[in-house]
Amino acid sequence: DETASEDLRRSFEPIKGHGRVLLMDDSADILRAGRRMFGALGYDCTIAHDGDSALKIFSEAIESKNPFAAAILDLTVPGGKGAIETAKEMRALDPRVKLLVSSGYEMSEVIEKPGEYGFDGALKKPYDMIKSSMVIYCALKDRSGR
């Protein structure tokens with residue numbers, strides 16, 4: 001039936017969104033690919049290489065009255081602040097921001113249960129456009145909550 005095939009086709013298309021997103025990762029390749037992908041999904045994506053630079057960019061955006069709707073934070077940053085520490089500081093600056101944790105590690109408690117660590121969702125690397133679009137869209141659709 002035509003309705004079922006339309007629903008099936010739609011389920012394999014990325015969900016477009018909008019808003020400012022901050023992507024933090026220590027990998028230049030992930031930052032490049034992420035910026036391209038989130039841009040294609042309709043988001044204005046700014047990148048940061050570690051927790052300290054992400055926090056600087058994040059707080060400057062708040063001060064300039066142009067805050068980020070979401071931040072996607074790499075779980076581990078060698079020699080720097082990772083997602084958990086960075087997220088706590090971001091949440092203190094803007095309780096409404098949606099925080100997503102990101103990791104390439106398969107067996108990560110934080111990725112499996114992001115809510116228990118203060119995150120609104122999790123993205124596995126390498127990013128899958130359709131799955132990522134769903135995670136970020138769902139996190140952002142209700143910004144009135146946490």
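Couple of notes before you dig in:
- Accessible surface computed residue by residue for the chain, with neighbouring protein chains in place and a 1.4 Å probe, gives 55 Å² per residue.
- Surface composition of the chain: carbon plus sulfur atoms contribute 55% of the solvent-accessible area (1.4 Å probe, protein chains only, all chains present).
- Helix-derived mean residue ellipticity, 222 nm - over the chain, DSSP H n ≥ 4, -39500 (n - 2.57), to 500: -13000 deg cm²/dmol
- Counting 0.36 nm for each residue step from residue 91 to residue 27 and taking away their Cα separation leaves a gain of 20.7 nm.
- Accessible area in the full protein assembly, largest first, 1.4 Å probe, for 43, 117: 117, 43
- Here the Karplus relation 6.51 cos²θ - 1.76 cosθ + 1.60, evaluated at θ = phi - 60°, turns the backbone of the range 32-40 into coupling constants of 4, 5, x, 4, 5, 5, 5, x, 5 Hz, with x for every Gly and Pro.
- Remark on residue 23: its backbone amide H falls under 5 Å from those of 46, 47, 48, 72, a criterion applied only to residues 5 or more positions apart or on other chains, H modelled at 1.01 Å from N.
- Most fluctuating residue given options 64, 27, 53, as computed from a GNM of the chain linking Cα atoms under 10 Å: 64
- Considering only alpha-carbon pairs that sit under 8 angstrom and 6 or more positions apart, the relative contact order computed for the chain is 22 percent.
- Estimated vicinal HN-Hα couplings, Hz - the range 72-77 in sequence order (Karplus 6.51, -1.76, 1.60; Gly, Pro = x): 10, 10, 5, 4, 10, 10
- Residues whose amide H lies under 5 Å from that of residue 102, counting only those 5 or more places away or on a different chain, are 73, 74, 75, 123; hydrogens are built 1.01 Å from N in the peptide plane.
- Considering only 89, 112, 63, the Gaussian network model of the chain with Cα springs below 10 Å gives its largest mean-square fluctuation to 63.
- Residues 24, 107, 129 ordered from highest to lowest accessible area at a 1.4 Å probe: 107, 129, 24.
- In the elastic network of the chain, a GNM with C-alpha springs shorter than 10 Å, the most mobile of 25, 52, 74 is 52.
- Stretchable slack from residue 18 to residue 52, in nm (0.36 nm times residue separation minus alpha-carbon distance): 9.7 nm
- Solvent-accessible surface of protein heavy atoms, probed at 1.4 angstrom with all chains present, puts 137, 127 in the order 137, 127, largest first.
The values are calculated or read from the model by the stated rules, or taken from the named source; none is laboratory data. Source: prediction; values computed, not measured. Note: areas computed on protein heavy atoms with side chains; ligands, DNA, RNA excluded. Shrake-Rupley method; radii C 1.70, N 1.55, O 1.52, S 1.80 Å.
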